[in-house]
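Here the structure is laid out as structure tokens; the discussion comes afterwards.
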Amino acid sequence: MKLRVILTGATGMVGEGVLLECLENPAVAHVLVLSRRPSGRRHPKMTELLHANLQELGPIESQLTGYDACFFCAGISSVGVSKEEYERITHDLTLDFARTLARLNPALTFVYVSGAGTDSTAQSGQHWARVKGRTENELLALPFRRAYMFRPGFMRATPGQRNLLKWYRYIAWLYPLARRLAPAYVSTMQEVGRAMINAASAGAPKPVLEVPDIVALARAQPAAHS
């Protein structure tokens with residue numbers, strides 16, 4: 001049985017990369033792209049649903065049922081925003097969205113894109129790391145069938161991606177060197193997408209996955225959806 005997936009953040013670099021893998025991967029039957037603005041992509045396996053506020057899903061709840069997985073790739077950088085705004089989007093919006101999905105699809109697998117350096121103990125001196133950690137902890141406590149927190153590091157974009165971070169264009173050439181010298185912090189966007197699909201299809205060995213765990217899961221033999 002192939003996966004039906006809800007994906008957020010498709011207009012960002014990570015979300016677009018995961019979307020491209022979902023569209024190419026035979027384990028995925030359908031992707032509902034939930035976004036505030038058009039992604040600019042069309043595909044037979046893809047439906048795009050435009051909605052302005054992920055914290056207010058009432059008007060579209062009927063369109064969010066019957067899914068096997070959610071790949072939550074939406075988010076913002078902490079650079080240039082207030083602590084309050086970062087916390088509202090990173091924590092509050094994510095949890096409001098996830099609680100609604102847990103109610104509508106209790107058998108769903110929820111995969112959250114966090115980040116390398118996230119601190120689930122709330123001891124970090126960096127505000128973003130504490131907020132991400134608290135978000136992870138609360139997501140894991142929700143009544144999903146399964147939930148996984150992905151902590152990617154430096155990712156090589158998938159060929160054909162359009163939504164690249166400005167700084168990425170200047171450092172992309174470093175990827176081969178970084179993969180050789182610091183493999184624990186480097187992966188490809190394809191590996192992240194494949195690992196998410198494998199986690200939704202057959203589970204992952206632990207709830208919080210660092211870069212080496214993501215790469216290993218991406219390389220695991222694809223299993224039938226269970």
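Observations on the structure shown:
- Residue satisfying condition, being open to solvent by 40 Å² or more (accessible area, probe 1.4 Å) and part of a loop (DSSP other than H, G, I, E, B), within set 177, 165: 165
- Residue within the range 22-38 that is touching a helix residue (DSSP H, G or I) at 6+ places or on another chain (Cβ under 7 Å), open to solvent by 20 Å² or more (accessible area, probe 1.4 Å) and more than 20 Å from residue 204 (Cβ to Cβ) present: no
- Single residue of 125, 58 found to be open to solvent by 20 Å² or more (accessible area, probe 1.4 Å), of a type in the set (Gly, Ala, Ser), over 30 Å from residue 178 (Cα atoms) and without any contact (Cβ under 8 Å) to a residue 12 or more places away in the chain: 58
- Within the range 168-191, residues that are closer than 23 Å to residue 216 by Cβ and at pLDDT 90 or above reach partners that are charged (D, E, K, R) and open to solvent by 60 Å² or more (accessible area, probe 1.4 Å) with beta carbons closer than 8 Å, at six or more positions or on different chains, in the pairs 184/210; 186/156; 187/156; 188/156; 189/156; 191/219.
- With respect to the conditions (1) in contact with a helix residue (DSSP H, G or I) (Cβ under 7 Å, 6 or more places away or on another chain); (2) open to solvent by 30 Å² or more (accessible area, probe 1.4 Å), residue 47 falls short on a single one, namely (1).
- All positions within the range 135-170 that are farther than 27 Å from residue 38 by Cα, hydrophobic (A, V, I, L, M, F, W, C) and touching a Pro at 6+ places or on another chain (Cβ under 9 Å): 140, 144, 147
- Boolean, residue 49 is modelled with pLDDT of 95 or more and over 16 Å from residue 67 (Cα atoms): no
- Candidate set: the range 1-15, residues that are in contact with a helix residue (DSSP H, G or I) (Cβ under 8 Å, 6 or more places away or on another chain) and open to solvent by less than 10 Å² (accessible area, probe 1.4 Å); chosen: the one farthest from residue 201 (Cα to Cα): 10
- The one condition in (1) closer than 24 Å to residue 166 by Cβ; (2) open to solvent by 20 Å² or more (accessible area, probe 1.4 Å) that residue 72 fails to fulfil: (2)
The values are calculated or read from the model by the stated rules, or taken from the named source; none is laboratory data. What you are looking at is a predicted structure, and each value in this text was computed from that prediction instead of being measured. Note that each Cβ is placed from the backbone with ideal geometry, even for glycine, and that neighbours are counted across all protein chains shown. For accessibility, only protein heavy atoms count, side chains too; no ligands or nucleic acids. Shrake-Rupley method; radii C 1.70, N 1.55, O 1.52, S 1.80 Å.
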